[in-house]
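**Student:** Mind having a look at this structure? Questions to follow.
The values are calculated or read from the model by the stated rules, or taken from the named source; none is laboratory data. Everything quoted here is computed from the prediction, not taken from an experiment. Virtual Cβ from ideal backbone geometry, glycine too; neighbours counted across all protein chains shown. Calculation scope for accessible area: heavy atoms of the full protein, side chains included, ligands and nucleic acids excluded. Shrake-Rupley method; radii C 1.70, N 1.55, O 1.52, S 1.80 Å.
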Amino acid sequence: MCIRDRYSTGEQKRPQEGWPFASIEVDQRLEGQLAYHLFGLLWINAFIIALGQFILASSAGIWYFMRQQMNSPVRTSVFRALRYHMGSLAFGSLILAIVQFIRITFEYIKKKSYAMGVPENAVTKFIFKCMKCCLACFERFIKFINTQAYIQVALTGKSFCSSAIAAFYLIFRNTVVFGMTHGLSIIFVFVGKLFITVIPTIAGFLVITQVEDISKRISSPISLCICFAFISYAIGSLFMQVWGMASETILQAYLVDIEVNANVATNLSLIHISEPTRLLSISYAVFCLK
């Protein structure tokens, strides 16, 4: 709606020499509407991603702790998310949306600065690139903390802030394990995406070129192979994201299981502990162990 208003109510200016398109000059009210709708879009997108991450984490947690009594973990996780944890997911996605909006605002300010006469020399480029790099790193950090916090919310049922603190201390206590596992996970995800993309593409190329009925109808297999590769990469990315979220959840559940069992001095796994005792034990391990 804001984009429609921008181009329907803005003042059209003559195109510059050598450029076939006219530019639109708008007032501050429309710019504010655009910023408002852009922030809403970022927040909704982050919330949908957070909801998916929580459902995956909750399903993996149910499998780890209650696999013997497991009954429709995905449906249970969806109910838990919509009934108990909408606020935590909304708050975490709000933080991420604010950071992303700041990054976009920074790019807008940089463009306006150059348009207003700020010299585009090596010093200004270096300053802008450093700020851009810092904002990008901060966004990746927020995404990582959000993911770990959603896992803790799924495992313990606590609020977002408490879960983020618990996840931070859990990672801090097991830095080597998290580092090695995360590094191996990145390698495995890359190899998985590569295989899922390459193998169907090669298979499609062989079918196109070797099957006589198909090869007669197609002049060049390049465009179809590009489509095969794009679709395969999209499917591989979705599949490996599910695997990555499940592996991170199982890692946290395993470490919590180890700490709880070590703290209560028992050899029993949390799988065999009743539901109220399990939640109490997890909360105790996450928030009290140093």
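**Student:** Please find, among 98, 104, the residue that is assigned to a helix (DSSP H, G or I), under 22 Å from residue 53 (Cβ atoms) and under 21 Å from the mean Cα position of the chain (by Cα).
**Tutor:** 98
**Student:** Working carefully through the options 110, 132, find the one that is open to solvent by less than 60 Å² (accessible area, probe 1.4 Å) and basic (Lys, Arg).
**Tutor:** 110
**Student:** May I ask you to say which residue of 175, 156, 147, 124 is at pLDDT 90 or above and either hydroxyl-bearing (Ser, Thr, Tyr) or crowded, with 17+ Cβ neighbours inside 10 Å (or both)?
**Tutor:** One residue alone meets the criteria, 147.
**Student:** Taking the stretch 182-223, which residues are surrounded by 14 or more Cβ atoms within 10 Å (Cβ to Cβ) and either touching a helix residue (DSSP H, G or I) at 6+ places or on another chain (Cβ under 6 Å) or hydroxyl-bearing (Ser, Thr, Tyr) (or both)?
**Tutor:** Within the stretch 182-223, 185, 189, 192, 193, 196, 197, 200, 201, 204, 205, 208, 221 qualify.
**Student:** Restricting the search to the stretch 137-166, which residues are among the small types (Gly, Ala, Ser) and under 17 Å from the mean Cα position of the chain (by Cα)? Show your work before the answer.
**Tutor:** Start the filter on the stretch 137-166 by keeping residues that are among the small types (Gly, Ala, Ser), which leaves 149, 154, 157, 159, 162-164, 166.
Residues satisfying the conditions are 149, 154, 164.
**Student:** Do you know which of the residues in the stretch 72-121 that are touching a helix residue (DSSP H, G or I) at 6+ places or on another chain (Cβ under 9 Å) and polar (S, T, N, Q) is modelled with the lowest pLDDT?
**Tutor:** Across the stretch 72-121, the extreme among qualifying residues is 113.
**Student:** Which of the residues spanning the stretch 34-51 are open to solvent by less than 30 Å² (accessible area, probe 1.4 Å) and small (Gly, Ala, Ser)?
**Tutor:** Scanning the stretch 34-51 gives 40, 46, 50.
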